[in-house]
Amino acid sequence: MGTTIFTVMSALAAQHKAVNLGQGFPDFACDPTLVDHVTQAMQAGHNQYPPMPGVPQFRDAIASKIEALYGYSYRAADEITITAGATQAILTAILAIVHPGDEVIVLEPCYDSYVPNIELAGGTAVRVPLKPGTFRPDFDAISAAITPKTRAIIVNSPHNPSATVWTRQDMLRLQEILAPTHVLLISDEVYEHMVFDGGAHESAARFPGLAQRAFIVSSFGKTYHVTGWKVGYVAAPAPMMAEFRKVHQFNVFTVNTPMQYGLAAYMDTPAHYLDLPTFYQRKRDLFRAGLASTRLRLLPSEGSYFQCVDISQVSDLGEADFCQWLTAEIGVAAIPLSAFYGNGFDQRVVRFCFAKQDATLHAALGRLKTL
């Protein structure tokens, strides 16, 4: 399989003492109140195995959040499962439904675990590119890719790496395409609380025709700035969740107990996730304002905590070589978008992560202004 681009670029950043805007993780602390909740859970003795699907009050809190935000009611008992992060959730969903010979549609550029997960299950990844330049879904191409062998499609919005957000019209079109089929949906919504400029996250849960065929995946690591805790969840109709749990019980069984109790208590204050768009939009705007004085051409950043730029006016290098040069010579690490394509498609675009302290962003911008 080789080494992921994130590991490679983070190691290169450390070697050259570069500002690491490559891998997508915050470099600031989470809310101390959240740590207090987890500490209190540990001190209260919540340190042994929880129930396999997760702590009941935690699943109740998630069900309430989904219903309040998206209007769809999931039963916490048999339709929500706590996972060891979103990556495990996606792998488990794929192992639960994909059999040798099945096809799964992935929309490129895509998160790097999707295709290996499909292949591990014995399936075949069918790569359908998002439209180059805009990264909007090409529904004609998606429709044409569906065959009698198609088992599922994986959709990610807000999108990593392009920072685009699917609209209501996009989701309705997907619902229309899938309606006459038995194709299942894995909806990767880990950046659900990072949609900017007054936009709304169009969860698959908002659309009954999608919700009834969807595994919806989200991540507390992304939402609460605790990526190292590796806690996420899946919501799905009960028959699908029953299949999911058959795999879940044998690949992780369950997820660390005190953090589940701590996160459940923290969710009692919805502002902790409702205020996230404002928090990250300020960082996005700070970063974009600094980049505006360079020859890097800014692409839209509608959601997530990523900013993509076109490097054509700065260098003749390909994306991967440019990122290595940028790290070694300018002192800022980025990720080439070609790493998110199976064929290494190079469109002269690289990705920065702005989930950083203001001081980190200013330090990076001070170096990038030389471009």
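The values are calculated or read from the model by the stated rules, or taken from the named source; none is laboratory data. Everything numeric in this text was worked out from a predicted model, so none of it was measured. Because the Cβ atoms are built from the backbone with ideal geometry, glycine has one as well, and the counts that use them run over all protein chains shown.
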* **Test result for ALA211, of a type in the set (A, V, I, L, M, F, W, C) and either modelled with pLDDT under 95 or more than 18 Å from ASP60 (Cα to Cα) (or both)** => yes
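Tell me which residues, restricted to segment 196-233, are of a type in the set (D, E, K, R) and in contact with a strand residue (DSSP E or B) (Cβ under 7 Å, 6 or more places away or on another chain). Before the answer, list the steps.
Let us first name the residues in segment 196-233 that are of a type in the set (D, E, K, R), namely 197, 202, 206, 213, 222, 230.
Once the filter is applied, which keeps residues that are of a type in the set (D, E, K, R) and in contact with a strand residue (DSSP E or B) (Cβ under 7 Å, 6 or more places away or on another chain), segment 196-233 yields only ARG213.
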* Qualifying residues in segment 122-162 (those that are hydrophobic (A, V, I, L, M, F, W, C) and touching a Phe, Trp or Tyr at 6+ places or on another chain (Cβ under 9 Å)) - the one nearest to GLU202 (Cα to Cα) -> VAL155
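Hey, can you tell me all the residues within segment 320-371 that are hydrophobic (A, V, I, L, M, F, W, C) and not in a helix (DSSP H, G or I)?
Going through segment 320-371, the residues hydrophobic (A, V, I, L, M, F, W, C) turn out to be 320, 322-323, 325-326, 328, 330, 332-335, 337, 339-340, 345, 349-350, 352-355, 359, 361, 363-365, 368, 371.
Listed by number, the residues that qualify are VAL332, ALA333, ALA334, ILE335, PHE345, VAL349, VAL350, PHE352, CYS353, PHE354, ALA355, LEU371.
Of all residues in segment 312-345, which are hydroxyl-bearing (Ser, Thr, Tyr) and over 18 Å from VAL128 (Cβ atoms)?
Let us first name the residues in segment 312-345 that are hydroxyl-bearing (Ser, Thr, Tyr), namely 312, 315, 327, 338, 341.
Passing the criteria: SER312, SER315, THR327.
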* Asked: Among the residues of segment 298-319, which ones are surrounded by fewer than 16 Cβ atoms within 10 Å (Cβ to Cβ) and part of a strand (DSSP E or B)?
  -> LEU298
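Quick check on segment 206-242: of everything there that is assigned to a helix (DSSP H, G or I) and in contact with a Leu (Cβ under 8 Å, 6 or more places away or on another chain), which residue is nearest to ALA96 (Cα to Cα)?
Quick first cut of segment 206-242, residues assigned to a helix (DSSP H, G or I) only: 206, 208-211, 220-223, 227-229, 238-242.
Subsequent filtering for residues that are in contact with a Leu (Cβ under 8 Å, 6 or more places away or on another chain) retains 209-210, 220, 223, 240.
Numbers: GLY209: 21, LEU210: 18, PHE220: 23, THR223: 26, MET240: 9 Å.
Only one residue fits best here, namely MET240.
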* Top-ranked residue in segment 16-51 [being touching a Lys or Arg at 6+ places or on another chain (Cβ under 9 Å) and aliphatic (A, V, I, L, M); ranked as nearest to GLY228 (Cα to Cα)] -> LEU21
* Asked: Just to be sure, is SER64 surrounded by fewer than 17 Cβ atoms within 10 Å (Cβ to Cβ), hydroxyl-bearing (Ser, Thr, Tyr) and part of a loop (DSSP other than H, G, I, E, B)?
  -> no
* For segment 257-276, name all the residues that are crowded, with 18+ Cβ neighbours inside 10 Å and not in a helix (DSSP H, G or I). => MET267
